[in-house]
Amino acid sequence: MPSIPHPVDLSVKPDITPFFDPATNTVSYVVKDPNSPACAVIDSVMDIDYASGRVAPVSADKIIRLIQSNGWRLEWLIETHVHADHLSAAPYIQSKLGGKIGIGVNIRIVQETFGKIFNEGTEFQRDGSQFDRLFQDGDSYEIGGMTGFAMHTPGHTPACMTHVIGDAAFVGDTLFMPDGGSARADFPGGDARTLYRSIRRVLELPDAMRLFMCHDYGPNGRDIRWETTVAEQRAHNIHVRDGITEDEFVAAREARDRTLEMPKLIIPSLQVNMNAGRLPTPDQSGRRFLKVPLNTL
Ligand SMILES: [Fe+2]
């Protein structure tokens, strides 16, 4: 099988509206078919103030307003992976606008791992059935007249997928902007060597392919940016530009990962996102509670 599972059609140019969430440095996207009302939402954010336990759909409502005010039709809510730094708003947006929630099939591995860590009962299914679609490598799907496809790009997590839609690819947390390098590979199920191979696979896409990041932290004080190209990444990415070997990458990535603290929202994020973004079921009092596993992560 060729490394890129489908021919890429750079003449298909989706209209892309980014939404940057400054609280978590996440970029969500609305990806719209220029020739029909159809659109998809990639990596939406549900706001949480962890200190007070308050959850609010401020970011998600902006996305909903954009789609509703233009009369667009939401077909897909895609998660590039199980995020460890923010809650997904996919079920909330789906409840307002419809559409199918999709993620990589290896969500099952993530559910198995974190189902144990959070000591979820047998009612927590580990088969991915909370999602409407589980993408395998090479699976394609329609957004109106556009065809998108998923490429399995593990390493940051086992379930990471890169989504290619026309001349745009949504790389999740495989790559950061060229001056940011790459995402960490030290979460349970992560692996730096696997991440290198996934990134090099993404960089086999055509030079002119637009690449959209899931995060940007504005390294060295520069303004936030989220869009680049394959050519720019191959020439300038500080971790994986052309010429950097797998062993060099792995050594640097693992050394850096040893210095990183856990993301502030990892505990609520994984608990909620492994369940497709659904908040915990209310108890007898009608209230919802998150767990904090002590001395585990
Ligand atoms: Fe991530």
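Filtering segment 235-250 for residues that are in a helix (DSSP H, G or I) and within 10 Å of P178 (Cβ to Cβ) leaves a non-empty set. The numbered conditions (1) more than 16 Å from C39 (Cα to Cα); (2) among the hydrophobic types (A, V, I, L, M, F, W, C); (3) part of a helix (DSSP H, G or I) are all true for V82 except (3). Return yes when S44 is surrounded by fewer than 23 Cβ atoms within 10 Å (Cβ to Cβ) and either more than 16 Å from the ligand (Cβ to nearest atom) or not in a helix (DSSP H, G or I) (or both) and no when it is not. No: the conditions fail for S44. Selection of segment 78-103 for residues being hydroxyl-bearing (S, T, Y) and out of contact with any helix residue (DSSP H, G or I) (no Cβ under 8 Å at 6 or more places or on another chain) yields T80, S95.
Yes/no matrix, rows are residues, columns are (1) in a helix (DSSP H, G or I); (2) more than 16 Å from the ligand (Cβ to nearest atom); (3) in contact with a His (Cβ under 8 Å, 6 or more places away or on another chain):
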site: V55; (1), (2), (3): no, yes, no
site: K62; (1), (2), (3): yes, yes, no
site: G102; (1), (2), (3): no, yes, no
site: G121; (1), (2), (3): no, yes, no
site: L134; (1), (2), (3): no, yes, no
site: G148; (1), (2), (3): no, yes, yes
site: P154; (1), (2), (3): no, no, no
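Checked against (1) charged (D, E, K, R); (2) surrounded by fewer than 22 Cβ atoms within 10 Å (Cβ to Cβ); (3) closer than 26 Å to F289 by Cα, K62 meets all criteria but (3).
Checking each residue of segment 159-182 against the condition of being closer than 21 Å to P268 by Cβ and more than 16 Å from the ligand (Cβ to nearest atom) gives no match. Does R200 satisfy the condition of being within 16 Å of the ligand (Cβ to nearest atom), modelled with pLDDT of 95 or more and charged (D, E, K, R)? No, not satisfied. Inspect all residues belonging to segment 256-269 and state whether any of them is in contact with a helix residue (DSSP H, G or I) (Cβ under 9 Å, 6 or more places away or on another chain) and buried (at least 18 other Cβ atoms within 10 Å of the Cβ). No, that holds for no residue.
The values are calculated or read from the model by the stated rules, or taken from the named source; none is laboratory data. Remember, predicted model here, so these are calculated numbers, not experimental data. Every residue, glycine among them, receives a Cβ derived from its backbone with ideal geometry; neighbour counts consider all protein chains shown.
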